[in-house]
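Inspection log for the structure reproduced underneath, given as structure tokens.
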Amino acid sequence: MTSSRTVNPHLLHTLFRADDIDRRVRELAENIRNDISERPLTVLVVLKGAFVFAADLVRVLGVPLKIEFICVSSYGTATVSSHQTEILLEPKDLSGRFVLVVDDICDTGYTMQCVKKRALELGADSVKTCTLLDKPSRREVDCAVDYAGFVIPDVFVAGYGIDCAGEHRELPDIYVVET
Ligand code: 5GP
Ligand code: MG
């Protein structure tokens, strides 16, 4: 399935097609694999938006790992994230683990900063961060992104696990959404 399928009219245009995403995910996996060789790796997936990306990434990483999930809610409107974050779900313990945080989008950076801090509080030996999409022009806090799939401008996107008002996560491509 590609962008040729009929989609909702408020999905303006395709930003990344499934095959471009697949290629980039494999490149990211190779970079990550080269860095993490011997460590006990835990992939910490930020729900919900990163679930498709993380599922694809771990299957091409080709190294033993554990998977944990964290759910962070930020208070805001459907298309504007806010600074306050609340952790709704988290792993019990990350002690002794090398943690790779995997998120869908790094926008202001508050979510990545919050998750990284929490992973260290839960005992992680060290933490690296990976995001499929990076919007550096929107950054408000200095959160280091170690692995970024695509740098994008300040547009609102959906598809490939990323929602718009709860919809469109199932689409294989990533679209720019009219806001
Ligand atoms: P941050 O805390 O970096 O401002 O926000 C990160 C989160 O905001 C992302 O994980 C994502 O959930 C949400 N977000 C940021 N930009 C977009 C976007 O273009 N589309 C969607 N659906 N969510 C976004
Ligand atoms: Mg998210």
Margin query: Please arrange Lys128, Lys92 by how many other C-beta atoms lie within 10 Å of their C-beta, fewest to most.
Written below: Lys92, Lys128
Next item on the list: Give me the distance in nm between label points sitting 7 Å out from Cα along the Cα-to-Cβ direction at Val141 and Phe69, one decimal.
Entry: 2.4
Item checked: Amide H contacts under 5 Å for Leu100, placed H, 5+ residues apart -> Thr42, Val43, Leu44, Lys128
Notebook entry, point to check: Long-range amide H contacts for Phe69: which residues qualify at under 5 Å (H placed 1.01 Å from N, peptide plane, sequence gap of 5 or more or a different chain)?
Noted result: Val45
Margin query: Just to check I understand the Karplus step: with θ = phi - 60° and J = 6.51 cos²θ - 1.76 cosθ + 1.60, what whole-Hz values come out for the range 158-164, glycine and proline as x?
Written below: 8, x, 6, x, 8, 9, 10
Check: Where does the range 65-179 land on the Kirkwood hydrodynamic radius, alpha-carbon pairs, in angstrom?
Finding: 14.8
Next item on the list: Report, by chain and number, residues whose modeled amide H sits under 5 Å from the one on Leu15, excluding near sequence neighbours (fewer than 5 apart, same chain).
Entry: Ile174, Tyr175, Val176
Check: Which peptide among 12-24, 131-143 comes first, and what is the full order, when sorted by highest mean count of other Cβ atoms within 10 Å?
Finding: 131-143, 12-24
Notebook entry, point to check: How would you rank 52-60, 98-106, highest first, on the average number of other Cβ atoms within 10 Å across their residues?
Noted result: 98-106, 52-60
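No lab work stands behind these numbers, since they all come straight from the coordinates. In this text, all values refer to a predicted model and were calculated from it rather than measured experimentally. Glycine gets a Cβ as well: all are built from the backbone with ideal geometry, and neighbour counts include every protein chain shown.
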